[in-house]
Amino acid sequence: EKEKTLCHDFRIHNLANKLVIPISPTCKKWTKPLNCYVKINFNAFVSYGKVGFGVIIKDLDGFVIRRSGGFKEKTVLAEWAGLKAFEESLNVANTFNISKIMFEFDCASLVNMVNNRDKDITILGS
């Protein structure tokens, strides 16, 4: 009975009614960097006491110039894992003397920290 009430109240798994949280399709794809720039995409994850990170450097045509990644036996917050991936991407760029770089990352708090230095402009704040 409780499940029926919840299903009716929130329209969970009910394809006849509109969803409570509508699905808005988004197009997620790699976009080209500006002329004379390379794009560095990096990401990180935290799982079972390990941190994994990966870095991919692509040129204007999407050709992979360099890739890197690794694991650490460490338990950290997601932002710290992202910061480690960012550090690794800077090290790889430095190794190849790449000076014109566009970074791409999906962690809003880290992007805001880098773009706005010490100002916290996240919606929730911390």
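Of all residues in segment 63-84, count the ones that are surrounded by fewer than 14 Cβ atoms within 10 Å (Cβ to Cβ) and over 18 Å from the mean Cα position of the chain (by Cα).
5
Looking at segment 85-96 only, could you name the residues that are open to solvent by 60 Å² or more (accessible area, probe 1.4 Å) and either under 19 Å from Ala44 (Cα atoms) or at pLDDT 85 or above (or both)?
Quick first cut of segment 85-96, residues open to solvent by 60 Å² or more (accessible area, probe 1.4 Å) only: 87, 90-91, 94-96.
Glu87, Leu90, Asn91, Asn94, Thr95, listed by residue number.
Considering each residue of segment 63-84, count those that are in a loop (DSSP other than H, G, I, E, B) and modelled with pLDDT of 85 or more, and give that number. Quick ask: steps written out before the conclusion?
The initial filter retains those residues of segment 63-84 that are in a loop (DSSP other than H, G, I, E, B), namely 63, 73-77.
Restricting the remaining residues to those that are modelled with pLDDT of 85 or more gives 63.
Residues in segment 63-84 being in a loop (DSSP other than H, G, I, E, B) and modelled with pLDDT of 85 or more: 1 in total.
Here are some residues: Leu19, Leu15, Leu60. Which one is modelled with pLDDT of 85 or more and open to solvent by 40 Å² or more (accessible area, probe 1.4 Å)?
Numbers: Leu19 fails: modelled with pLDDT of 85 or more; Leu15 fails: modelled with pLDDT of 85 or more.
Only one candidate qualifies: Leu60.
The values are calculated or read from the model by the stated rules, or taken from the named source; none is laboratory data. Please read all numbers here as calculations on a predicted model, not as lab measurements. Quick reminder, even Gly has a Cβ in these numbers, built from the backbone with ideal geometry, and neighbours come from all protein chains shown. These accessible areas exclude ligands, DNA and RNA; they are computed on the full protein's heavy atoms, side chains included. Shrake-Rupley method; radii C 1.70, N 1.55, O 1.52, S 1.80 Å.
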